[in-house]
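Before any comments, here is the structure.
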Amino acid sequence: MATSERWEEHPSSALRVSEGFRLEDFDPTAKPGFTGKKKDGKRLRKHRGDLLAELQERLFAQGRVGDERSLLLVLQGMDTAGKGGVVRHVLGMVDPQGVQARGFGAPTEEELEHHFLWRIEKALPKAGHIGVFDRSHYEDVLIARVHELVPRDVWEPRYDEINEWERRLTESGTTIVKCALMVSQDEQLDRLEKRLKRPDKHWKYSTADLDERAHWPAYMEAFQAVFDRTSTDAAPWHVIPSTRKWYARLAVTELLTSALESMDLQWPTPDYDLDAERARIAQVRRLGH
């Protein structure tokens, strides 16, 4: 299967926040750039997943020999948007030893005593790893803004702080892929209701979910500000329609695979004599050890 099969436009451009992007015009049921159906998308994700796994292993191998590069996937979205499903179904296709996943909830008392990026810095992926943030430093300009957890003169400068921090991060060798998974209010309500119908999903439901949902307009305003203020050349935002879960997972798979491809990862050159080691193995085999 060709890499571009069914992608009329690559998601790195079809989903990237560009000038004039407005959430109010966004269709969460769409599948920008992809002309295939669900079965096509699942087949293509598996195909690209095979390459994703190989590239992740190359990244990990390079990290073992001193390459400082890493990749960070930032996932944001309202409750039920599918962030956990992306982690399971996309990162589940690669070797888990090369993945560092972290979720960010309310900061602890210790974390509150530090700069808001302190706890984020501590969770960054090590060299050779793919890091995944299920929610991230953007909570400090989303929930903190919506619920007025800090004054405006505290959260307002954070957009510029984030941009500068991400710029330094990319310059030090971390490629950042930022994805916002978006669903409609109706879709979110349907998904919350489904959680109540399945015993294996009850644990994912919180009685506070509906209360949080009441702030939807404020969250959309906050997300719009995030896209307007922090989608940069160094770390652009990709806004992914997520009503079709298969499409969202396919899009993230493609974005990650393409990001790793752009790193031109090669298998490390051995620091030992291949012929000598083959001879040693042959000798051991002859001696029957």
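Among the candidates 46, 38, 31, which residue alone is closer than 30 Å to residue 218 by Cβ and among the charged types (D, E, K, R)? Answer to the selection: 31.
Results for (1) in a loop (DSSP other than H, G, I, E, B); (2) more than 24 Å from residue 236 (Cβ to Cβ); (3) open to solvent by 60 Å² or more (accessible area, probe 1.4 Å); (4) in contact with a helix residue (DSSP H, G or I) (Cβ under 6 Å, 6 or more places away or on another chain), shown as yes or no for each residue.
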{"residue": "24", "(1), (2), (3), (4)": "no, no, yes, no"}
{"residue": "27", "(1), (2), (3), (4)": "yes, no, yes, no"}
{"residue": "31", "(1), (2), (3), (4)": "yes, no, no, yes"}
{"residue": "36", "(1), (2), (3), (4)": "yes, yes, no, no"}
{"residue": "57", "(1), (2), (3), (4)": "no, yes, yes, no"}
{"residue": "60", "(1), (2), (3), (4)": "no, yes, no, yes"}
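Here is the figure for segment 103-130: residues that are surrounded by 13 or more Cβ atoms within 10 Å (Cβ to Cβ) and among the basic types (Lys, Arg) total 1. Can you find, within segment 205-224, the residue that is nearest to residue 186 (Cα to Cα) among those that are among the aromatic types (Phe, Trp, Tyr) and part of a helix (DSSP H, G or I)? In this case the residue turns out to be 216.
Could you tell me whether any residue of segment 206-214 is at pLDDT 95 or above and open to solvent by 40 Å² or more (accessible area, probe 1.4 Å)? So far as segment 206-214 goes, no, none of its residues is at pLDDT 95 or above and open to solvent by 40 Å² or more (accessible area, probe 1.4 Å).
Of the residues making up segment 38-50, those that are over 21 Å from residue 188 (Cα atoms) and open to solvent by 50 Å² or more (accessible area, probe 1.4 Å) are 39, 42, 43, 46, 47, 50.
Scanning segment 93-143 for residues that are closer than 30 Å to residue 44 by Cα, touching an Asp or Glu at 6+ places or on another chain (Cβ under 9 Å) and of a type in the set (A, V, I, L, M) turns up 93, 94, 101, 127. Within segment 233-241, does at least one residue satisfy the condition of being touching a helix residue (DSSP H, G or I) at 6+ places or on another chain (Cβ under 8 Å), open to solvent by less than 40 Å² (accessible area, probe 1.4 Å) and part of a helix (DSSP H, G or I)? Checked against the condition, which is being touching a helix residue (DSSP H, G or I) at 6+ places or on another chain (Cβ under 8 Å), open to solvent by less than 40 Å² (accessible area, probe 1.4 Å) and part of a helix (DSSP H, G or I), segment 233-241 yields no hits at all.
Among the residues of segment 131-147, the one identified as open to solvent by 50 Å² or more (accessible area, probe 1.4 Å) and closer than 10 Å to residue 102 by Cα is 135. Close contacts from segment 72-90, counting a first residue that is farther than 11 Å from residue 256 by Cβ and a second that is outside any helix (DSSP H, G or I) and among the acidic types (Asp, Glu), with Cβ to Cβ under 7 Å and a gap of 6+ residues or different chains, come to 75/134; 83/134; 84/134; 87/134.
Taking the conditions exactly as written (touching a residue at least 12 places away in the same chain (Cβ under 8 Å), farther than 14 Å from residue 177 by Cβ and under 15 Å from the mean Cα position of the chain (by Cα)), does residue 128 satisfy them or not? Spelling it out, it is not the case that residue 128 is touching a residue at least 12 places away in the same chain (Cβ under 8 Å), farther than 14 Å from residue 177 by Cβ and under 15 Å from the mean Cα position of the chain (by Cα). Any residue in segment 192-204 that is open to solvent by 50 Å² or more (accessible area, probe 1.4 Å), over 24 Å from residue 249 (Cα atoms) and not in a helix (DSSP H, G or I)? No, because not a single residue in segment 192-204 is open to solvent by 50 Å² or more (accessible area, probe 1.4 Å), over 24 Å from residue 249 (Cα atoms) and not in a helix (DSSP H, G or I).
The values are calculated or read from the model by the stated rules, or taken from the named source; none is laboratory data. On a predicted model such as this, the values are computed, not experimentally measured, just so you know. With ideal geometry, Cβ positions are generated from the backbone for all residues, glycine too; neighbour counts draw on all protein chains shown. For the accessible areas, the whole protein counts, side chains as well, though only heavy atoms, and no ligand, DNA or RNA atoms are used. Shrake-Rupley method; radii C 1.70, N 1.55, O 1.52, S 1.80 Å.
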